[in-house]
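K.L.:
Take this structure first; my questions come after.
A short reminder: the numbers here are calculations on the coordinates, not readings from a lab. Quick caveat, the model's predicted, so the values are computed rather than measured. Please note: Cβ atoms are built from the backbone with ideal geometry, for glycine as well, and neighbour counts cover all protein chains shown.
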Amino acid sequence: MKKTYLLLFIIVGLFQQTSAKEGMWIPYLLEKINASDMQAMGMRITAEDIYNVNQPSLKDAIVFFGRGCTGEIVSDKGLLLTNHHCGYGQIQKHSTIDHDYLTDGFWAMNMAEELKNPNLSARILTSMSDVTAEVLDGITDAMSQNERNDIISENAKKIIEDLEPTKFHRVDVRAFYNGNQYILMEYNVFFDVRLVGAPPSNIGKFGGDTDNWMWPRHTGDFSVFRIYANAENKACEIADNNIPYKPKQHLKISLNGYKEGDFTFIFGYPGRTQEYIPARQVEYITQTMNPFKIDLRRKKLDIMSNAMNNDKKIRIQYSAKYAGVANGWKKWIGENTGIKGNNAIAEKQEMESSFTEWANDGHKEYATVIEEYNKLIEEKIPYEMAYTYFIEAGYYQDLIKYSYSYTALINTAADMDATDEEFNQKLQAFISSTDRFYKDFNIDVDLAIFKETVRAFHSFPYEGISTPKFVETINTKYNGNTDKYAEYVYSKSVFTSKEKLVKYLNKTNRKKISKLSKDPMYNHSFDAYATYINNISPVLSSFTNKTDSLQRIYMKGLIEFNSDKTLAADANSTLRIAYGKVQAFNPRDAVKYNYFTTLKGIMQKEDPDIYDYVVMPKLKALYNERDFGKYGDTDGSMHVCFIASNHTTGGNSGSPALNANGDLIGINFDRNWEGTMSDLNYDISRCRNIMLDIRYCLFIIDKYAGAGHLVEEMTFVE
Ligand code: ARG
Ligand code: GLU
């Protein structure tokens, strides 16, 4: 009997060793924590090949791209691959009706044609190390979170200043495990990152928002950029005479594909996960917060899509905005379904009971943490909801956000220390900002969305939280009719057209500009922001302090409670590695999804009447002639996308998918809908990451776009 148990234990142990692991792991700790596990799963390289500060390693090719994506360098001339949806903003900004790169794609046929992008940066990690002891120096358990935060920021500041950061040399000290560990990171930050190529949207965004977050998928979600450096190969600002950046190492590409069960890993910058929050918080997120956001976003999406379908100009203006709104909307729907389907809340509650039992039995410092935490959550929910309303109905409304930005101008005018020249410069900057803002603005769409946001603000139960002034105005002057109020605002404001606003700004001066604060649109924005800044944010930050403290203690407890395994730290936009296997899955009873898709599937989805499912004649011809070049699979088909059990999240978009040898086989871009709850509750039986097959990416660059010169820059393995 005993023997069988022992055997079972060994088998279970072995199984755990060689199956995919939940979590996003810290590169410099790979050797200590994961390397042997990764090798047991099939990896043939070492932790040092992946991360090394003294020798070139894979990490030198991984880039934090823009405001929250990942990219990878694939040539010794700084050529970079990321997702189409990560470069979307840039592609869209360079697009007009006359040269619509969104619809038609863009390819620089030589370096001179590559397009510069102000406001785009690429950040490469140079080193990371543990600084927990230094950061926590002087901290005692008895301190309040406030005192603790003060000391931590003082200590961190010292560490950072010693390393003499500049705009091009960024130094961060970041909390891991909710403040139980601190890691120092240094980066080079490049500001000259040029657009090299993008496929047309009906490749790069094939399936659009309909297929988004779903498997089976056929999206060629990639775009190509290049990092430029100064003559010394150092990070610098945009300049005509910059030269292509020569990285310490670039990724090698494998055209050999993969089969089911193959080891893979994702190396990139996952943004945020919350695997260790209490069940009550998960319940709040999925049952209160998400439903509100989903509902309001659905309304915004309907307004935009109606307008976009009827007008090509509006389609270009609102495409990026639409994609952004739709992406969250759909993800949260999936998240809610997954949490419910997985019975995640009840399971978390059960785990919490055993945790508390364990705590009561010799770990008293954790005995009341969940109870206290739950009480706190109840108290802060009204404020979290108020914040969510402000963000979704206020901050994410074009004209509210834009008109509020004029506060800076009004403040400069009133600032005794500011010279007239400073004011005039600022005024000119605002006048030129109108070009950028109104290029993508349509008054009918904006007003319709504004009406929905006003309705939402008006319906919020402000119990105990002071109401924005305009809500009272609506009640007293408009009899509660939010539409009438919205129409009044838009009929009287100077912000509703570029012409009106520019005319106004050209006539104004330092004395007169304060009158702008009487503008009804500005007034509305100011009220919304003021309510947030004065009444919501301060309360919320006092809650944040308490939450931080409880979450840190709870996390510490969870680590001890789970002493038989290593828990991965939640994602926090720092460089991580997730590993797993190429793996099919069963989404529901009797259904099995294969682990890859092919070009044939694109032909099956084709619909010339729907923008997102148009297939260009050239792609069809290549398919009909099976003209796949060296990019076809040995099975004779052209693979498009594939899935694996790597634990990823937002921010991992554009991350390289690497094989057992550390060679590039794909570009990560999404997850399956059944698995988007993995940010709160990862489950290998439901969660897959979706990657673009690198062979399809290169097939499009080379055979479809005729940009083979880019492929020639790259390095291939046998
Ligand atoms: N779901 C992916 C991510 O979270 C892709 C989003 C862009 N694509 C889109 N159709 N909106 O970023
Ligand atoms: N599309 C996501 C991104 O932009 C990655 C997919 C995910 O959330 O896993 O980062």
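K.L.:
Under the Kirkwood approximation applied to all pairs of distinct alpha-carbon atoms, what is the hydrodynamic radius of the range 147-281 in Å?
P.N.:
On the way: mean 1/r = 0.0505 Å⁻¹.
After inverting the pairwise mean of 1/r, the radius is 19.8 Å.
K.L.:
Rounded to whole Hz and in sequence order, give me ³J(HN,Hα) for the range 155-166 from the Karplus expression 6.51 cos²θ - 1.76 cosθ + 1.60, θ = phi - 60°, writing x for Gly and Pro.
P.N.:
Rounded to whole hertz, the list is 4, 5, 4, 4, 4, 5, 4, 4, 8, 6, x, 9.
K.L.:
Fewest to most neighbouring Cβ within 10 Å: what's the order for HIS85, HIS169? Walk me through the numbers before you get to the answer.
P.N.:
Working: HIS85 24, HIS169 15.
Placing the least packed residue first, the sequence is HIS169, HIS85.
K.L.:
May I pose another question? In what sequence do MET385, MET555 fall when counting other Cβ within 10 Å, fewest first? Please report the intermediate quantities before stating the final value.
P.N.:
On the way: MET385 18, MET555 22.
The fewest-first ordering by Cβ neighbours comes to MET385, MET555.
K.L.:
OK, next. State the volume of the convex hull built on the alpha-carbon positions of the range 235-306, expressed per residue in Å³ and rounded to an integer.
P.N.:
Numbers: hull volume 24.7 nm³, N = 72.
Expressed per residue, the convex hull around the Cα atoms of the range 235-306 is 343 Å³.
K.L.:
Listed here are the pairs LYS77/LYS605; LYS469/LYS512; LYS426/LYS484; which of them are more than 29 Å apart at the Cα? Working shown, then result.
P.N.:
Numbers: LYS77/LYS605 37 Å; LYS469/LYS512 24 Å; LYS426/LYS484 34 Å.
From the list (LYS77/LYS605; LYS469/LYS512; LYS426/LYS484), the Cα-Cα distance tops 29 Å for LYS77/LYS605; LYS426/LYS484.
K.L.:
Next question, about the same structure. Project the alpha carbons of the range 649-718 onto their principal axes and report the range along each, largest first, in whole Å.
P.N.:
44, 26, 19
K.L.:
While we're here: Under 5 Å between amide H atoms, partner at least 5 residues away or on a different chain: which partners does SER127 have, H built in plane at 1.01 Å?
P.N.:
GLU186
K.L.:
State, in angstrom, two size descriptors of the chain derived from its alpha carbons: Rg to one decimal place and Dmax to the nearest whole number.
P.N.:
26.6, 92
K.L.:
Between ASP302 and SER405, what FRET efficiency follows from the Cβ-Cβ distance if R0 is 30 Å, with the result rounded to 0.05? Could you put the intermediate results ahead of the total?
P.N.:
Working: r = 27 Å, r/R0 = 0.91.
Calculated transfer efficiency: 0.65.
K.L.:
Considering only C-alpha atoms, what is the centroid distance from the range 428-484 to the range 623-643, in Å?
P.N.:
The two parts, judged by their Cα centres, are 51 Å apart.
K.L.:
Which FRET efficiency value, to the nearest 0.05, do you get for LYS511 and ASN180 by plugging their Cβ-Cβ distance into 1/(1 + (r/R0)^6) with R0 = 60 Å?
P.N.:
Rounded to the nearest 0.05, the efficiency is 0.65.
K.L.:
Looking only at the range 284-305, which residues have a backbone nitrogen under 13 Å from a spot 7 Å from the Cα of GLU487 in the C-beta direction?
P.N.:
none
K.L.:
With +1 on each Lys and Arg Cβ and -1 on each Asp and Glu Cβ, how big is the dipole of the chain about its Cα centre, in debye rounded to the nearest 20?
P.N.:
1560 debye
K.L.:
While we're looking at this one, here's another question. For the range 634-685, what ratio Rg/Rh do Cα atoms give with a Kirkwood hydrodynamic radius?
P.N.:
1.01
K.L.:
Evaluate E = 1/(1 + (r/R0)^6) for GLU625 and LEU115, where r is the Cβ-Cβ distance and R0 equals 30 Å; express this FRET efficiency to the nearest 0.05.
P.N.:
Efficiency at R0 = 30 Å is approximately 0.40.
K.L.:
A follow-up question, please. Work out how far the C-alpha atoms of the range 337-465 reach from end to end along every principal axis, then list the three figures in whole Å, largest first.
P.N.:
69, 40, 29
K.L.:
Hey, what D do you get for the range 156-224 in µm²/s if you plug the Kirkwood alpha-carbon radius into Stokes-Einstein at 10 °C and 1.306 mPa s?
P.N.:
100 µm²/s
K.L.:
Along the charge dipole of the range 471-555, which of THR508, ASN545, PHE526 sits closest to the positive end, that is, farthest toward it, with unit charges on the beta carbon of Lys, Arg, Asp and Glu (+1, +1, -1, -1)?
P.N.:
THR508
K.L.:
Peptides 668-681, 94-107: what's the order by average Cβ count within 10 Å, highest mean first?
P.N.:
With the highest mean Cβ count within 10 Å placed first, the list reads 668-681, 94-107.
K.L.:
Ordered by residue, what ³J(HN,Hα) values in Hz, to whole numbers, does the range 130-138 give under the Karplus form 6.51 cos²θ - 1.76 cosθ + 1.60, where θ = phi - 60° and Gly and Pro are x?
P.N.:
6, 10, 3, 4, 5, 5, 8, 4, x
K.L.:
Neighbouring Cβ atoms within 10 Å as the yardstick, rank TYR696, TYR373 fewest first.
P.N.:
TYR373, TYR696
K.L.:
OK, next. Which residues in the range 115-134 have a backbone N closer than 14 Å to a point placed 7 Å from the Cα of ALA239 along the Cα-to-Cβ line?
P.N.:
none
K.L.:
So between ARG44 and THR96, what do we pick up on full extension, going 0.36 nm a residue minus the alpha carbon distance?
P.N.:
13.9 nm
K.L.:
Moving to a separate point now. List the cysteines of the chain that have no other Cys Cβ closer than 4.7 Å: which are they?
P.N.:
CYS236, CYS641, CYS687, CYS697
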